[in-house]
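Remarks on the structure that follows.
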Amino acid sequence: MAKIDLVFRQIDERTREVSLALAMEHIRPDAVHILDDVRPFSECVTQMLRIEHDCDYVVYLDADCLILEDMRPFLDSCDSAYVDSYVSDRFRGRIHCGAHVTRSRDVVARMASITPPQDDMAYVLRPESQHAEPGHEVAWG
């Protein structure tokens, strides 16, 4: 059975309590880390990457995402380095990605080793879409 950490990010979402309860039920994590109201998103990413994990996979979950099915069989058999889930967000009117499954031993470690660019507003607003080093994309959904 895979060892799973849950990193739960909440910023006053009305769904945060039900989202966390569903994640606990359907992911059954070995450890839970909650980031509460950390802004901007680039600072949240920085704090997420400071967490020391002792697990096979980390599930990063936004509090506006509801996990409605048992994910544990998938997590226990997963051998991918990185998996994103995409949903059509009725409220934002666009595709939204709020659940990321990331292998901890190499991918999270590599993400944490990248030095973020200084004074780069595009990175501050959307760190996952920027290049931290030439040829090395920051792997964040």
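The values are calculated or read from the model by the stated rules, or taken from the named source; none is laboratory data. Quick caveat, the model's predicted, so the values are computed rather than measured. Virtual Cβ from ideal backbone geometry, glycine too; neighbours counted across all protein chains shown.
Go through the range 28-40 and report how many residues are surrounded by fewer than 18 Cβ atoms within 10 Å (Cβ to Cβ) and not in a strand (DSSP E or B). Summing the residues that are surrounded by fewer than 18 Cβ atoms within 10 Å (Cβ to Cβ) and not in a strand (DSSP E or B) in the range 28-40 gives 6.
In the range 116-124, the count of residues that are in contact (Cβ under 8 Å) with a residue 60 or more places away in the chain, part of a helix (DSSP H, G or I) and over 15 Å from the mean Cα position of the chain (by Cα) is one or more.
Can you pull out every residue in the range 15-49 that is among the hydroxyl-bearing types (S, T, Y) and in contact with an Asp or Glu (Cβ under 6 Å, 6 or more places away or on another chain)?
T15 - this is the single residue of the range 15-49 that is among the hydroxyl-bearing types (S, T, Y) and in contact with an Asp or Glu (Cβ under 6 Å, 6 or more places away or on another chain).
Quick grid of which residues meet (1) surrounded by 15 or more Cβ atoms within 10 Å (Cβ to Cβ); (2) part of a helix (DSSP H, G or I):
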| residue | (1), (2) |
| --- | --- |
| C44 | yes, yes |
| A99 | yes, no |
| R105 | no, yes |
| A109 | no, yes |
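Taken together, the residues in the range 54-80 that are basic (K, R) and either surrounded by 20 or more Cβ atoms within 10 Å (Cβ to Cβ) or within 15 Å of the chain's Cα centre (by Cα) (or both) amount to 0. Count of the range 96-120 residues, restricted to those that are more than 19 Å from S19 (Cα to Cα) and among the hydrophobic types (A, V, I, L, M, F, W, C), is 6.
In the range 111-131, the qualifying residues are those that are aliphatic (A, V, I, L, M) and surrounded by fewer than 17 Cβ atoms within 10 Å (Cβ to Cβ), and the one that is modelled with the lowest pLDDT is L125.
The residues in the range 80-97 that are in contact with a helix residue (DSSP H, G or I) (Cβ under 7 Å, 6 or more places away or on another chain) and either modelled with pLDDT under 85 or outside any strand (DSSP E or B) (or both) can be counted, and the count is 1.
Going through the range 3-27 one residue at a time, which ones are touching a Cys at 6+ places or on another chain (Cβ under 7 Å) and assigned to a loop (DSSP other than H, G, I, E, B)? The answer is K3, and nothing else. For S42, the stated conditions do not hold, so it cannot be described as of a type outside the set (F, W, Y), farther than 22 Å from P116 by Cβ and over 12 Å from the mean Cα position of the chain (by Cα).
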